[in-house]
Amino acid sequence: MSKLNSPTKIKIAPSLAAANLLQLGDEVKKLEQAKVDAIHFDVMDGHFVPLLTIGVPILEQVRAVTSLHLDVHIMVTNPDDVLDDYLKAGADTLSFHIEAARHAHRLCTRIRQAGKRAGIALNPATHWQNIEFLLPELDQVTLMTVNPGYSRQQHILSMHNKIGEFANFCRAQNYAIDICIDGGVNLGNASTLAQLGATILVAGGAVFNGGNTVESVQALRAAATAG
Ligand code: DX5
Ligand code: ZN
């Protein structure tokens, strides 16, 4: 498995679903040049969230052309049924939504048994205490700072209390869990998020903004480490 290195440094994970989908191979190459820490691979099923996006066949093709860490976020109503397909297709980290899982503990176990990193994503309305008893089974928790479903939405500022509270809890309990922030991350909030305790910043619109992808990643990394 390609590792997510440097537990102390903030990691940048651009969301591929926000890239030019007709040029995915080139977009992946640019992310390699930009030395991103991971590619965030959003899967939407048209049920849990309104849109349908990329899924297993594209994940397999991305896996075939890159050794970058693939952080797969499945926004689907039936993670229990499709989890294994995404593990086989090449996910390094696999995050499912707690709101959709029937047997979340079993899913975490299945991900780890496959030698992959287990993650859970929480919608803005979901309290982190809902997964308190699963934390020993997790490598990553993704706190959504938008309602999932679309790139380029406005970052929900009131989630900052939740991020800070959760990060403090993990620190106090000595849980080495990556705290991934997903939704509306940009140059203006990256530093605050890092200070609150985020260790991975997902970015769609902030990276794929019509400008130079490599420079956008560098700018976001610089913003996240400033202050
Ligand atoms: C939201 C997705 C995000 C999103 C990120 O449903 O999970 O990963 O595409 O895009 P931005 O950074 O533009 O909010
Ligand atoms: Zn996502």
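The values are calculated or read from the model by the stated rules, or taken from the named source; none is laboratory data. In this text, all values refer to a predicted model and were calculated from it rather than measured experimentally. Cβ atoms come from the backbone with ideal geometry, glycine included; neighbour counts cover every protein chain shown. Heavy atoms of the whole protein, side chains included, go into the accessibility calculation; ligands, DNA and RNA do not. Shrake-Rupley method; radii C 1.70, N 1.55, O 1.52, S 1.80 Å.
Averaged per residue, the chain has 44 square angstrom of accessible surface, using a 1.4 angstrom probe with ligands and nucleic acids left out. Anisotropy class assigned to the range 61-149 is prolate, per the alpha carbon gyration tensor with a/c at or over the 1.5 cut-off and a/b larger than b/c. Which whole-angstrom value gives the distance between the alpha carbon centres of the range 174-227 and the range 1-79? A separation of 15 Å, based on Cα centres. Among 157, 59, 68, the residue with the largest mean-square fluctuation in a Gaussian network model of the chain, with springs joining Cα atoms closer than 10 Å, is 157. Here residue 35 is the anchor, and the aspartates and glutamates within straight C-alpha reach of less than 13 Å, apart from those fewer than 8 places off in the same chain, are 27, 215. A Cβ-based charge dipole, computed about the Cα centre of the range 1-89 with Lys and Arg at +1 and Asp and Glu at -1, lands at about 520 debye.
Modelled spin-label separation between residue 147 and residue 105, with each label point placed 7 Å from Cα along the Cα-to-Cβ direction: 3.2 nm. Among the protein heavy atoms of the chain, carbon and sulfur supply 50% of the accessible surface, probe 1.4 Å, non-protein parts ignored. Using the Cβ of residue 196 as centre and a radius below 12 Å, the other residues enclosed give a net charge of +1, where K and R count +1 and D and E count -1. Put simply, the Cα atoms of the chain extend 42, 41, 32 Å along their principal axes, the longest span coming first. Positive contributions from Lys and Arg (+1) and negative ones from Asp and Glu (-1), summed over other residues with Cβ under 11 Å from the Cβ of residue 90, come out at 0.
Approximating the spin labels as points 7 Å out from Cα along Cα→Cβ, the residue 158-to-residue 175 distance works out to 2.3 nm. Looking only at 148, 136, 124, which one moves most when the chain is put into a Gaussian network model with springs between Cα atoms under 10 Å? Of the options given, 136 has the highest mean-square fluctuation. With a Förster radius of 22 Å applied to the beta-carbon distance between residue 192 and residue 35, the computed FRET efficiency rounds to 0.40.
With K and R counted +1 and D and E -1, the other residues having a Cβ less than 11 Å from that of residue 77 yield a net charge of -3.
With the convex hull of the Cα atoms taken as the outline of the range 1-73, the averaged projected area works out to 5.3 nm².
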